[in-house]
Every structure is written in C-alpha cells, then in structure tokens.
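Since the structure comes first, as structure tokens, the remarks are kept for the end.
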Amino acid sequence: AQSVTQLDSQVPVFEEAPVELRCNYSSSVSVYLFWYVQYPNQGLQLLLKYLSGSTLVKGINGFEAEFNKSQTSFHLRKPSVHISDTAEYFCAVSINGGTSYGKLTFGQGTILTVHP
Amino acid sequence: DTEVTQTPKHLVMGMTNKKSLKCEQHMGHRAMYWYKQKAKKPPELMFVYSYEKLSINESVPSRFSPECPNSSLLNLHLHALQPEDSALYLCASSQDGVRWGENTEAFFGQGTRLTVV
C-alpha cells in the first residue's frame, strides 16, 4: 500500500514571499505524484503532476514541484505567493499501473494562508 | 468542456430518508469515481467505475449504493444514513482508468455537501 505524509498542517506566509509545502510518500511500487488545490467549499483542482522524466515539474498558477526519488519527496514551491493562493493543498499518489484504476491516496492537507 | 457537474450542491436528509447524488461529465471519460471528504480531512476513495462497471469498492457500507447508468452519469443512492456520514461527496472522472498510465488526470466536481440529521 502507498501513503502520503504532508509535514505541515498549516503554513502562514506573507504576500510576495516564497513558499514550500512539503510532501513525502511511501510505496513499494512505482507511483505517480500529484498536487491538488482546494478552495473553501470547492472541489479539487490539479496543480501539477509527476509521471516520469524530468524531476522538476511546472504547473499552473506559477507552482512547481521537484520529485526526489532517494528522499521519496515531492515538495511544492512557489517563488512569490499572492493572497489568492490561500487554500488547502493536497499531495496525492496513485500506483503506476492500470490496476489502480486511477485511485488517488491523499495526504492530510496543508492549509496555506497568505497574509497581506 | 472540462467540467464535472454534481447535483445537488447541498443536501439535508433524515436518517430514514432515501436520496440520490448525481454526477455528470461530457468529456468522454470512461472512469468515474466517488470520494468522501469529512471536515478537515483529505478525500477518501469510495468507488471506481471503469467502462460502466464497478471496479473498486473500498469496503463502503451498503447504505451507499453506486450506479453508473451510462458513460456520462454516475449516481450515489443513499439510504438509512447516519449522522457520521455527513461529509462533502466528490465525484471525479478520468479518461481511462484501465490505461491510467497514459492519461493520468482526474477532474473533480464541486461536490455535494451532505448533512444527515
């Protein structure tokens, strides 16, 4: 089975400052990695995903993440945040293969609060 | 159209009621999912339908009954729920659950916020 640990439950940051949201995963098989964002009372929106290839992945809204296989990490970064980035962020994994049918296992979430 | 539409947005039901949640997508996706998200928790998978067949049931109690009448529609029938079933129910779809590796993106709806009284 696979699992995801998001190391920070809450991250406060000032506007225009950089931010890093940390994610570690555990799996005995190869996985795909994702970051989703959830605004209050909304569904989930995909920010970016790592399938294979380059370990630095760029996503929407200026976010990027780096896959580190040796550290089993997939941290999310943004060089300069905006008030509108205030939301909950979920790291997720799925098994690399059809038998998962795309099942996603999510971390506990990190609430990012951007202060003016 | 990259939308997954869920209705209703909010639902309050009694423990003896029967109700249904509906999910619709017109992206031609052949895999559809129900997730349950309790307050301040991550989403947890309940069911996966692939090509209109139930492929994964994560040991969900029988008071939750999924149905996939066609490739665009996914329902979740609710009966005799308990207050602890109150949660946000999220529907998602992806292009092909069997060939997940080829097109790995799940699109989520806005959810139905269910309150059981």
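The values are calculated or read from the model by the stated rules, or taken from the named source; none is laboratory data. Here the structure is a predicted model, which is why all the values come from computation and not from measurement. Cβ atoms come from the backbone with ideal geometry, glycine included; neighbour counts cover every protein chain shown.
Brief remarks on what is shown
- Residues in segment A:52-66 that are within 14 Å of chain B (Cβ to nearest Cβ) and among the hydrophobic types (A, V, I, L, M, F, W, C): A:Val57, A:Ile60.
For (1) farther than 25 Å from B:Gln37 by Cα; (2) within 10 Å of the chain's Cα centre (by Cα); (3) buried (at least 20 other Cβ atoms within 10 Å of the Cβ), each residue gets a yes or a no:
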{"residue": "A:Pro40", "(1), (2), (3)": "no, no, no"}
{"residue": "A:Thr55", "(1), (2), (3)": "yes, no, no"}
{"residue": "A:Ser70", "(1), (2), (3)": "yes, no, no"}
{"residue": "A:Tyr89", "(1), (2), (3)": "no, yes, yes"}
{"residue": "A:Tyr101", "(1), (2), (3)": "no, no, yes"}
{"residue": "A:Leu104", "(1), (2), (3)": "no, no, yes"}
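- When residues in segment A:35-51 are screened for being facing chain B (nearest Cβ under 9 Å) and within 21 Å of A:Ile95 (Cβ to Cβ), 5 of them pass.
So that you can scan it fast, the table gives a plain yes or no per residue for (1) closer than 22 Å to B:Ala106 by Cβ; (2) of a type in the set (A, V, I, L, M):
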residue	(1), (2)
B:Lys18	no, no
B:Leu21	yes, yes
B:Gly28	yes, no
B:Gln37	yes, no
B:Val48	yes, yes
B:Asn70	yes, no
B:Leu76	yes, yes
B:Ser86	no, no
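- Evaluation of A:Asn96 against (1) at pLDDT 95 or above; (2) within 14 Å of chain B (Cβ to nearest Cβ) (one fails), failing number: (1)
- Picking from residues in segment B:22-53 that are within 12 Å of the chain's Cα centre (by Cα) and of a type in the set (A, V, I, L, M), the one that is nearest to A:Leu112 (Cα to Cα) is B:Leu45.
- For segment A:7-27, a residue qualifies if it is among the polar types (S, T, N, Q), crowded, with 16+ Cβ neighbours inside 10 Å and in a loop (DSSP other than H, G, I, E, B), and exactly one does: A:Ser27.
- Test: residue in segment B:72-93 that is within 14 Å of chain A (Cβ to nearest Cβ), at positive phi and of a type in the set (S, T, N, Q): no
- Residue check, B:Arg113 under 21 Å from A:Leu46 (Cβ atoms) and either within 9 Å of chain A (Cβ to nearest Cβ) or surrounded by 15 or more Cβ atoms within 10 Å (Cβ to Cβ) (or both): no
- In segment A:28-38, of all residues being modelled with pLDDT of 90 or more and not hydrophobic (A, V, I, L, M, F, W, C), the one that is surrounded by the most Cβ atoms within 10 Å (Cβ to Cβ) corresponds to A:Tyr36.
- Where B:Pro66 falls short, out of the listed (1) assigned to a strand (DSSP E or B); (2) surrounded by 21 or more Cβ atoms within 10 Å (Cβ to Cβ): (2)
- Identity of the residue in segment B:24-44, touching a Leu at 6+ places or on another chain (Cβ under 7 Å) and away from every other protein chain (no Cβ under 11 Å), that ends up farthest from B:Val98 (Cα to Cα): B:Glu24
- The lone exception for B:Pro43 - which of (1) surrounded by fewer than 19 Cβ atoms within 10 Å (Cβ to Cβ); (2) at pLDDT 95 or above it fails: (1)
- Residue list for segment B:8-60, filter: basic (Lys, Arg) and in a loop (DSSP other than H, G, I, E, B): B:Lys9, B:Arg30, B:Lys38, B:Lys40, B:Lys41
- Filtered by the rule that a residue be touching a Lys or Arg at 6+ places or on another chain (Cβ under 9 Å) and touching a residue at least 12 places away in the same chain (Cβ under 8 Å), segment A:12-42 gives A:Pro18, A:Val19, A:Glu20, A:Leu21, A:Tyr32, A:Leu33, A:Phe34, A:Trp35.
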